[in-house]
Amino acid sequence: MHKNILVIGGTRHIGKLLVQKLLGAGHQVTIATRGRAPDPFGSRIRRIKVDRRDEAAMRRAFAGVEGYDIVYDQMCYSPLDAAISVRVFAGKVKRYIVASTVDVYRTLLETRDSPFAEDDLNVLALPIDTRYPWHDPAREVESYVAGKLQAEAYLYRDGSLPLVTARIGHVLAGPEDFTGRLAHYVDLVRLRAPLRYSNAAAASSFIDAHGASGFLAWAGTQDFTGPVNAACDGGLSTFDIFHRAGMALDEQVYALPAASPAPAGQLSPFDYPRQLMMDTSRAASLGYRFG
């Protein structure tokens, strides 16, 4: 059955691939962006130009819209963004799917060495700080994990949206990876510089952009709600990634253990003192299989 779908974001990375998959399935797709980045979809989609972080602008943009079957929110980074979603879309959407992240489990790193299931994170118990300057561009990186956590907490605590939060593993997107995280390791290999790491065995969950967008497209066709982990089988540590980059470039690499474990991401983008793996049993029980 063809659906009327809104994608907040959709001009790069996972969002662009998601739109391609939705169009391929015959859905009617609208993207909402600030209009600063081009997209390749031509007349196949509708476009709404709006700043997702401006509540007044969002209200105006969607005031005349009766509703959507599905909203994919690729740009919900804080409780302020979550509050805007609630006030703009409550009662106007049948399914609201937020792209979340494996990093929400960072707060549990010291609690266990086995993969994290969705229920291990009690988002309803998390404090929400709406006074923090979440929209300050200078704090974008440092506030990312806390912002995603509190966005989930706000949405679930409010309860007015038919919500799915897809906790997506670290996305390896190849040439279109605007984050530069994978490029960090490739550059180290090319420079023949050593990698300093906290724990060679501290694997994390990963997925590629096609896998992530495919899972999101599938989730729109289902009727479950709540958090769901999305990642490929197995895991990689920062040590593993560095050595794979060396093999791909046919270069010998050098890795040195740090004198003591560093905070997550301090030594390199995917460096963790302990493993950050997700249990994908829920997705499997719902009928989805990752590669």
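The values are calculated or read from the model by the stated rules, or taken from the named source; none is laboratory data. Nothing here was measured: the structure is a model prediction, and the numbers come from that model. FYI the Cβ positions are ideal-geometry reconstructions off the backbone, even for glycines, and counts take in every protein chain you see. The area values use the complete protein model at the heavy-atom level, side chains included, leaving out ligands, DNA and RNA. Shrake-Rupley method; radii C 1.70, N 1.55, O 1.52, S 1.80 Å.
Among the residues of region 52-80, those that are at pLDDT 95 or above, surrounded by fewer than 19 Cβ atoms within 10 Å (Cβ to Cβ) and small (G, A, S) comprise A56, A57, A61. With respect to the conditions (1) without any contact (Cβ under 8 Å) to a residue 60 or more places away in the chain; (2) open to solvent by less than 30 Å² (accessible area, probe 1.4 Å); (3) not polar (S, T, N, Q), M278 lacks only one, and its number is (1).
Would region 25-35 turn up any residue that is open to solvent by 40 Å² or more (accessible area, probe 1.4 Å), farther than 25 Å from Q222 by Cα and either free of Cβ contacts under 8 Å to residues at least 40 places away in the same chain or under 20 Å from the mean Cα position of the chain (by Cα) (or both)? Can you show your working first?
The initial filter retains those residues of region 25-35 that are open to solvent by 40 Å² or more (accessible area, probe 1.4 Å), namely 25, 28, 34-35.
Add one more test, that the residue is farther than 25 Å from Q222 by Cα, and what stays is 34-35.
Now narrow it down to the ones that are either free of Cβ contacts under 8 Å to residues at least 40 places away in the same chain or under 20 Å from the mean Cα position of the chain (by Cα) (or both): 34-35.
Taking every residue of region 25-35 in turn, at least one turns out to be open to solvent by 40 Å² or more (accessible area, probe 1.4 Å), farther than 25 Å from Q222 by Cα and either free of Cβ contacts under 8 Å to residues at least 40 places away in the same chain or under 20 Å from the mean Cα position of the chain (by Cα) (or both).
Scanning region 5-28 for residues that are modelled with pLDDT of 95 or more and assigned to a helix (DSSP H, G or I) gives L18, V19, Q20, K21, L22, L23, G24.
Return yes when K49 is closer than 24 Å to A166 by Cβ and open to solvent by 20 Å² or more (accessible area, probe 1.4 Å) and no when it is not.
On the way: closer than 24 Å to A166 by Cβ: no; open to solvent by 20 Å² or more (accessible area, probe 1.4 Å): yes.
Taking the combined requirement at face value, the residue does not satisfy it.
Within region 109-156, being touching a strand residue (DSSP E or B) at 6+ places or on another chain (Cβ under 6 Å) and part of a loop (DSSP other than H, G, I, E, B) holds for one residue alone: P115.
Remark: pairs (first residue in region 53-68, assigned to a loop (DSSP other than H, G, I, E, B); second residue surrounded by 16 or more Cβ atoms within 10 Å (Cβ to Cβ) and aliphatic (A, V, I, L, M); Cβ separation under 8 Å; 6+ apart in sequence or on different chains) = R53/L80; R53/I84; G67/V93.
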